[in-house]
1. Mind listing whichever residues of the range 33-44 are in contact with a helix residue (DSSP H, G or I) (Cβ under 9 Å, 6 or more places away or on another chain) and touching a residue at least 40 places away in the same chain (Cβ under 8 Å)?
2. Looking at the range 46-87, which of the residues that are over 13 Å from the mean Cα position of the chain (by Cα) and acidic (Asp, Glu) is nearest to Val100 (Cα to Cα)?
3. Looking at Phe39, Phe13, which one is of a type in the set (Phe, Trp, Tyr) and out of contact with any strand residue (DSSP E or B) (no Cβ under 7 Å at 6 or more places or on another chain)?
4. Quick one: what pairs do we get from the range 3-24, first residue outside any helix (DSSP H, G or I) and surrounded by 10 or more Cβ atoms within 10 Å (Cβ to Cβ), second acidic (Asp, Glu) and at pLDDT 95 or above, C-beta under 6 Å, 6+ apart or different chains?
Amino acid sequence: MDDEQGTRTPCIFCDIIAGRAPAHQVYADGGCVAFLDLFPITRGHVLVVPKRHVDRLTDLRPEEYSDLLRAVVEVCRRVERLSPDYNVAVNQGRLAGQIVFHLHFHVIPRYDVPGPFATTPRTRITESEAVSVGHALAGP
């Protein structure tokens, strides 16, 4: 994201993509990467991110649409290993709940509690849980 002076502000997702920040990656292709959310709403909450930095869905180039949707669908298939029920969401803008201003889709498995929104505080994923879920979501 550019600041008022037109310089790029740090982006944690760009750092993850570049290998400068750690993440529990569960999918990658030429244009996208997917990794576990550090503060998951549910077990297996995955973020699907285009490798090229764009703030919003409307900033994508038309030729990038199919790559991003293909990655989202592949992650959904993998999440179905954890639960047949899940939400796919994108938050656009601060008032819509966007925290990291690098476009990303949430794929959130649903278990016993119905409804799309968490009612309890989110806690950081543990290393052992990330490894366990990562194994469940790895590969085809």
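The values are calculated or read from the model by the stated rules, or taken from the named source; none is laboratory data. As the structure is a computational prediction, the values presented were derived from the model and not from experiment. Glycine gets a Cβ as well: all are built from the backbone with ideal geometry, and neighbour counts include every protein chain shown.
1. Residues satisfying the conditions are Ala34, Leu36, Leu38, Pro40, Arg43, Gly44.
2. Asp55
3. Exactly one of Phe39, Phe13 is of a type in the set (Phe, Trp, Tyr) and out of contact with any strand residue (DSSP E or B) (no Cβ under 7 Å at 6 or more places or on another chain), namely Phe39.
4. Ala21/Asp15
Rundown of residues vs (1) under 22 Å from Glu127 (Cα atoms); (2) among the polar types (S, T, N, Q), yes/no style:
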site	(1), (2)
Ala28	yes, no
Gly31	no, no
Arg43	yes, no
Lys51	no, no
Asp55	no, no
Thr58	no, yes
Leu68	no, no
Arg81	yes, no
Leu95	no, no
